[in-house]
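Take a look at the structure below.
The values are calculated or read from the model by the stated rules, or taken from the named source; none is laboratory data. The shown structure was predicted, so the numbers you read here are calculated from the model rather than taken from an experiment. Reconstructed Cβ throughout: ideal geometry from the backbone, glycine too, with neighbour counts over all protein chains shown. Quick note on the areas: whole protein, heavy atoms, side chains included, nothing else; ligands and nucleic acids left out. Shrake-Rupley method; radii C 1.70, N 1.55, O 1.52, S 1.80 Å.
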Amino acid sequence: MRVRNWIAVLVSLLLLAAAGGVAIVVNRSALSAADAVHRTDSTELGTNNATLTGQLQLLSAQELAQVLAEHPLNMAKGDATDHALLVLAASKSTTFQYGMLIADSAGNVLNASRTAGLPDADNAGWAPMRKQLTAGADVGFSSVMTVDNIPLAGVGVPILIGGETAGYLIGLNQVAITPLQKYTVQLASDNHRTDVVDSSGVVAASSVADLIGGRIDPAIAVHLGTNGTQFVEYRSGSTAMIAVVVGGLPSGYSYVRSQTKSTFDGAVHRRSQTVNITLLVMLLIGVVGISVLGYRTQVQRRRADERFQALFQHAPDIVTVIDRDGRMIFTSPSSAAILGFEHGMLTGHSVFELVHPDDQPAMRERLGALLTDPAGVLRLQCRVRASTGHYRWFDFTASNQMANPALNGVVINARDISENRAFQERLAHEAQHDPLTGLPNRRRMQDALCSSLRRDPVAVLFVDLDGFKPVNDKYGHEAGDELLRQVAERLSGCIRAGDVLSRVGGDEFVVLMPGVLGPADVEAMANRVRMVVEMPFRIAGQHINIGASVGVHLANPASDPDSALRAADHAMYEIKRSGGSRGLNRVLETIGRHRARD
């Protein structure tokens, strides 16, 4: 008997050590999963910002194409008419105010809007543009070139005469004051730096303006020009750094977001180390406890289940008997067909091992109450894990049969209701979301606003599209619907995590920003909304331009949700009456009358 006792102690120690090892492995696996999710989120954010960067660069080329479409060129060296046109076009341009020039197909300058301050013809920065244009591209982009301590970048489009390329119209922009630089500054953060870098490693736009024209870290530079997203780890002095590099922009440039490795990893790694240490301490305490207290004799009783086998052999539901501690002492053969566990495999395991962690507290509480009622019966619904690891919804009917000597346990009849539950959840989702855009609808938005105002201030942005009705009238409702979907996608890309974007009807959207304390963040969001909406949309093969009137109201905690929404609506109509998105550039915070919608 003494030998048996020591064997039991040894087995207990081995099991405890195995459990501790499994816990540490699971913790490390959870950390790896968290890292994977974090990197996926960073990849999506980088890709979205890189896409907007590429769109801004392509928009600049449209100015040059517009000049060629409206004004034929003589293409003679020093031609006075061409020179006057270049001067006029540069003065009106929002991007190429620095200057424009005409070059022949060999790259020789024929005319320019300015006589000085132009990059030399043999400047290496022209090479990427020439390569793109000679390859037949519709637009070419140069690298950053510095002239008189001013960083410049060129954008060129071919000049076609008779279907053949006769030369190139090139615009020069001062990269420190371009729309791309203004957008990059909006991405500024205390935790990371955002740069747009040309193929040679020179910074063309940066959230830190002083870095424009400088060179990116060499460890990052070797990864430029590659399509897709890369995570580059390097050191800046003694500091470990990581950069998200997104290549493949139409210009050949790359989007780079860099930060310290510690801020990128965040608190997850630190907490993981704490959990590992805690697990090791608990393991040590368990070993000491088992060594001191010895072992606890466990008597496993086996009950004959022939009476149950005949009753439940062909039942479509799962019938399980558990003891007072929740251990399964019998499971019907149907568990193999429904959950995939071999018959008898679950015997001796706790029923809570199969129940979803979120459902365990309620189930434990109600089973505990059932045990106090000798004739008690309860019904509940919970998620149960199948052998594949997936969870399915079941309807449980449990009966207290502890006083029945033939059973001496709680009998549970479980029926799979996964399909019905999925149907109910789909109906609930459709009731609270807009079927066209997939965004939360007005009802869901109002619920979120009420919930947020109970504890936090909330900024309410009421967005109404300017120029949407003419799109419907001219191109039809299908084009209007596609425009609304694209607007929803753009707005979804510029809100913060935790913000709520909803479509409340027609061409109206509402953005909720919980926790906002001042107007600066709200005005920045309103500017981003207007900016992404004012960018051209590609609908039915046409470039369509619209605007957005954005009304803003800052609601304090415990404010009336309907009043907050009406105030933002009123502010939006004040802007609309003042000319829409181009007629008023300030944020209104006036509470007014909310216009009812049919």
ask   = Among (1) in a helix (DSSP H, G or I); (2) more than 30 Å from residue 286 (Cβ to Cβ); (3) in contact with a Leu (Cβ under 9 Å, 6 or more places away or on another chain), which single condition is residue 44 missing?
value = (3)
request  = Consider only pairs whose beta carbons are under 6 Å apart and that are at least six residues apart or on different chains; among these, list those whose first residue lies in the stretch 200-215 and is at positive phi and whose second residue is not hydrophobic (A, V, I, L, M, F, W, C).
outcome  = 201/215; 213/146; 213/151
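Is it true that residue 515 is farther than 27 Å from residue 44 by Cα and either open to solvent by 20 Å² or more (accessible area, probe 1.4 Å) or modelled with pLDDT of 95 or more (or both)?
Working: farther than 27 Å from residue 44 by Cα: no; either open to solvent by 20 Å² or more (accessible area, probe 1.4 Å) or modelled with pLDDT of 95 or more (or both): yes.
Here the answer is no, as residue 515 does not meet what is asked.
With 425, 430, 508, 489 as the choices, which residue is within 25 Å of residue 41 (Cα to Cα) and of a type in the set (Asp, Glu)?
Details: 425 fails: within 25 Å of residue 41 (Cα to Cα); 430 fails: within 25 Å of residue 41 (Cα to Cα); 508 fails: within 25 Å of residue 41 (Cα to Cα).
Selected residue: 489, the only one of 425, 430, 508, 489 that is within 25 Å of residue 41 (Cα to Cα) and of a type in the set (Asp, Glu).
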ask   = Since residue 480 meets every condition but one in (1) small (Gly, Ala, Ser); (2) touching a helix residue (DSSP H, G or I) at 6+ places or on another chain (Cβ under 6 Å); (3) farther than 30 Å from residue 525 by Cα, which condition does it not meet?
value = (3)
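Here are 47, 40, 53: which of them is loosely packed, with under 12 Cβ neighbours inside 10 Å and modelled with pLDDT of 80 or more?
Values: 47 fails: loosely packed, with under 12 Cβ neighbours inside 10 Å; 53 fails: loosely packed, with under 12 Cβ neighbours inside 10 Å.
40 is the lone residue from the list that is loosely packed, with under 12 Cβ neighbours inside 10 Å and modelled with pLDDT of 80 or more.
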query = Counting only residues that are closer than 16 Å to residue 436 by Cα, open to solvent by 40 Å² or more (accessible area, probe 1.4 Å) and either modelled with pLDDT under 90 or not polar (S, T, N, Q) (or both), how many does the stretch 463-500 have?
reply = 7
message = Residue pairs, Cβ under 6 Å, 6 or more apart or interchain, first in the stretch 531-548 and in contact (Cβ under 8 Å) with a residue 12 or more places away in the chain, second of a type in the set (Val, Ile, Thr) and part of a loop (DSSP other than H, G, I, E, B). List them.
response = none
key: Residues of the stretch 106-123 satisfying the condition of being open to solvent by less than 30 Å² (accessible area, probe 1.4 Å) and part of a loop (DSSP other than H, G, I, E, B)   = 107, 113, 117, 119
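Residue 397: surrounded by fewer than 17 Cβ atoms within 10 Å (Cβ to Cβ), more than 20 Å from residue 329 (Cα to Cα) and hydroxyl-bearing (Ser, Thr, Tyr), yes or no?
On the way: surrounded by fewer than 17 Cβ atoms within 10 Å (Cβ to Cβ): yes; more than 20 Å from residue 329 (Cα to Cα): no; hydroxyl-bearing (Ser, Thr, Tyr): yes.
When the stated conditions are applied, residue 397 does not pass them.
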remark   = When every residue in the stretch 317-337 that is surrounded by fewer than 20 Cβ atoms within 10 Å (Cβ to Cβ) and free of Cβ contacts under 8 Å to residues at least 24 places away in the same chain is compared, the one farthest from residue 417 (Cα to Cα) is 336
request  = Specify which of the listed residues (408, 404) is more than 18 Å from residue 339 (Cβ to Cβ) and surrounded by 14 or more Cβ atoms within 10 Å (Cβ to Cβ).
outcome  = 408
task = May I ask you to verify whether residue 460 is open to solvent by less than 40 Å² (accessible area, probe 1.4 Å), of a type outside the set (Asp, Glu) and not in a strand (DSSP E or B)?
result = no
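Which residue out of 258, 251 is in contact with a helix residue (DSSP H, G or I) (Cβ under 6 Å, 6 or more places away or on another chain) and surrounded by 13 or more Cβ atoms within 10 Å (Cβ to Cβ)? Give the derivation first.
Working: 258 fails: in contact with a helix residue (DSSP H, G or I) (Cβ under 6 Å, 6 or more places away or on another chain).
On inspection, the qualifying residue turns out to be 251.
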message = For the stretch 412-451, which positions are under 30 Å from residue 379 (Cα atoms), surrounded by fewer than 14 Cβ atoms within 10 Å (Cβ to Cβ) and not charged (D, E, K, R)?
response = 420, 422, 423, 424, 427, 428, 429, 431
message = Which condition from (1) out of contact with any Lys or Arg (no Cβ under 8 Å at 6 or more places or on another chain); (2) under 27 Å from residue 422 (Cα atoms) is the one that residue 359 breaks?
response = (1)
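Mind counting the residues in the stretch 452-473 that are farther than 14 Å from residue 545 by Cα and either in contact (Cβ under 8 Å) with a residue 24 or more places away in the chain or touching a His at 6+ places or on another chain (Cβ under 7 Å) (or both)?
Quick first cut of the stretch 452-473, residues farther than 14 Å from residue 545 by Cα only: 452-464, 473.
Of the ones still in play, those that are also either in contact (Cβ under 8 Å) with a residue 24 or more places away in the chain or touching a His at 6+ places or on another chain (Cβ under 7 Å) (or both) are 452-464.
Within the stretch 452-473, residues that are farther than 14 Å from residue 545 by Cα and either in contact (Cβ under 8 Å) with a residue 24 or more places away in the chain or touching a His at 6+ places or on another chain (Cβ under 7 Å) (or both) number 13.
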query = Are any of the residues in the stretch 227-242 free of Cβ contacts under 8 Å to residues at least 12 places away in the same chain and at positive phi?
reply = yes
key: Out of 60, 29, 91, 12, sole residue that is under 25 Å from residue 153 (Cα atoms), open to solvent by 40 Å² or more (accessible area, probe 1.4 Å) and part of a helix (DSSP H, G or I)   = 91
Exclusive hit being within 22 Å of residue 449 (Cα to Cα), open to solvent by 30 Å² or more (accessible area, probe 1.4 Å) and touching a Phe, Trp or Tyr at 6+ places or on another chain (Cβ under 7 Å), set 528, 503 = 503
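With the structure loaded, tell me whether residue 454 is surrounded by fewer than 15 Cβ atoms within 10 Å (Cβ to Cβ) and within 20 Å of residue 567 (Cβ to Cβ) or whether it fails that test.
Working: surrounded by fewer than 15 Cβ atoms within 10 Å (Cβ to Cβ): yes; within 20 Å of residue 567 (Cβ to Cβ): yes.
Taking the combined requirement at face value, the residue satisfies it.
Within the stretch 538-553, which residues are of a type in the set (A, V, I, L, M) and part of a strand (DSSP E or B)? If you could, list the steps in order and put the result at the bottom.
Restricting attention to the stretch 538-553, the residues satisfying the condition of being of a type in the set (A, V, I, L, M) are 539-540, 544, 546, 548, 550, 552.
Scanning the stretch 538-553 gives 539, 544, 548, 550, 552.
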query = Taking residue 572, is it in a helix (DSSP H, G or I), at pLDDT 90 or above and farther than 19 Å from residue 480 by Cα?
reply = yes
request  = Kindly indicate which of 274, 260 is at pLDDT 85 or above, farther than 27 Å from residue 126 by Cβ and of a type in the set (Ser, Thr, Tyr).
outcome  = 260
